[in-house]
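Single-structure report; data block below.
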Amino acid sequence: MGLGSEINEWDDIEWFDPADIPAATQTPYVDALLGWLRDHPLWHPDVETKVLLVDLDNLRAEPVRLRARIEATVALARDADYAAFAGQVGSVRRARPHLAEFADGALAVGNAGDEADWALRDAAMAAEGRTLQFVVVSNDGIFADLAERGALTILSPGAKALSDRLRDAAERVVDMAEIEQSVGAEAASS
C-alpha cells in the first residue's frame, strides 16, 4: 500500500494548475452544475445523516470542467453532515486549492487504482444515524453496498463509465457529463 507520496504516471500527462484558469471561462459550467443541483436537490429532506463521498480520481476532466465539478461537490459538502474527499496525490493536489474549507481534510492516497475507493468506503462505514443518505461522486462498484445502509444517490462524472453494480444499487443516478453537454450545445448554437 502506498503512503500517498509517490508520483503517479498520470501526473506528467494531465498536470495543470486550476488556479491558472480564468474564472470567466468557468462560469457556464459552474452555472450549469450548480443551477442543476439547486433545481434538482440530491439530498432527501427527511434524512438524519447526509454523507457525501467524493472520489477525486474520478473527477478527471479538462481544466474548465474540473473546477466546476469541484465547486459542485463543495456545494454539496456544505449541505452534508459528513463529507469525505480522497484521491491519488496528483488528484488531491489539483483539487485542494478549490476545496475551500474541505481542503485540509482531503485525503491523498497511494497509486493503486482503488485506494481512494477504500478510504471513502471506510469513511462511509463510520457514519452513524437512524436514517442515512449517501451521495457518492464516483463510478466504482465498491460503493454499491452502501444502499444496504441507506438511500444511495450517484453523481457520476460520466455515466458511460458507471459500474453496472453501482447503477443497479442506486435509487438515483445523475450524470455530470450530460449536464455539461448542455453547456457545450448552447455554446455551439450561439
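The values are calculated or read from the model by the stated rules, or taken from the named source; none is laboratory data. These numbers come from a predicted model, not from an experiment. All Cβ positions, even for glycine, are placed from backbone atoms using ideal geometry, and neighbour counts span all protein chains on display.
Tell me the residue from 60, 130, 65 that is surrounded by fewer than 18 Cβ atoms within 10 Å (Cβ to Cβ), closer than 25 Å to residue 179 by Cα and not small (Gly, Ala, Ser), please.
Numbers: 130 fails: closer than 25 Å to residue 179 by Cα; 65 fails: surrounded by fewer than 18 Cβ atoms within 10 Å (Cβ to Cβ).
So the residue among 60, 130, 65 that is surrounded by fewer than 18 Cβ atoms within 10 Å (Cβ to Cβ), closer than 25 Å to residue 179 by Cα and not small (Gly, Ala, Ser) is 60.
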Response to the item:
Of the residues in the range 116-165, those that are farther than 15 Å from residue 54 by Cα and either assigned to a strand (DSSP E or B) or acidic (Asp, Glu) (or both) number 6
Fill in: Candidate set: the range 103-120, residues that are of a type outside the set (Gly, Ala, Ser) and surrounded by fewer than 21 Cβ atoms within 10 Å (Cβ to Cβ); chosen: the one farthest from residue 58 (Cα to Cα)
104
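Determine which member of the set 84, 80 is farther than 18 Å from residue 172 by Cβ, in contact with a strand residue (DSSP E or B) (Cβ under 7 Å, 6 or more places away or on another chain), at pLDDT 85 or above and not charged (D, E, K, R).
Details: 80 fails: farther than 18 Å from residue 172 by Cβ.
Being farther than 18 Å from residue 172 by Cβ, in contact with a strand residue (DSSP E or B) (Cβ under 7 Å, 6 or more places away or on another chain), at pLDDT 85 or above and not charged (D, E, K, R) holds for just one of 84, 80, which is 84.
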Practice prompt. Determine which single condition residue 152 fails, assuming it passes every other condition in (1) free of Cβ contacts under 8 Å to residues at least 24 places away in the same chain; (2) over 17 Å from residue 73 (Cβ atoms); (3) of a type in the set (A, V, I, L, M, F, W, C).
Written response: (2)
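Of everything in the range 41-64, what is in contact with a strand residue (DSSP E or B) (Cβ under 8 Å, 6 or more places away or on another chain) and part of a loop (DSSP other than H, G, I, E, B)? Give them in sequence order.
Of all residues in the range 41-64, those in contact with a strand residue (DSSP E or B) (Cβ under 8 Å, 6 or more places away or on another chain) come to 42-44, 47-59.
The answer is 42, 43, 44, 47, 48.
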Worksheet, complete the sentence: Result of the Cβ filter at 7 Å on the range 59-72, keeping first residues that are on the phi < 0 side of the Ramachandran plot and partners that are assigned to a helix (DSSP H, G or I) and of a type in the set (Phe, Trp, Tyr), at least 6 apart or interchain, is 64/29; 65/29; 68/29
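Confirm whether residue 101 is charged (D, E, K, R) and either part of a loop (DSSP other than H, G, I, E, B) or at pLDDT 95 or above (or both). Lay out the reasoning, then the answer.
Working: charged (D, E, K, R): yes; either part of a loop (DSSP other than H, G, I, E, B) or at pLDDT 95 or above (or both): yes.
Here the answer is yes, as residue 101 does meet what is asked.
Can residue 47 be described as of a type in the set (A, V, I, L, M), more than 24 Å from residue 167 (Cβ to Cβ) and touching a residue at least 12 places away in the same chain (Cβ under 8 Å)?
Here the answer is no, as residue 47 does not meet what is asked.
Can you pull out the residues in the range 150-181 that are of a type in the set (Lys, Arg) and within 21 Å of residue 80 (Cβ to Cβ)?
To start, the set of residues in the range 150-181 that are of a type in the set (Lys, Arg) comprises 160, 165, 167, 172.
Correct list: 172 only.
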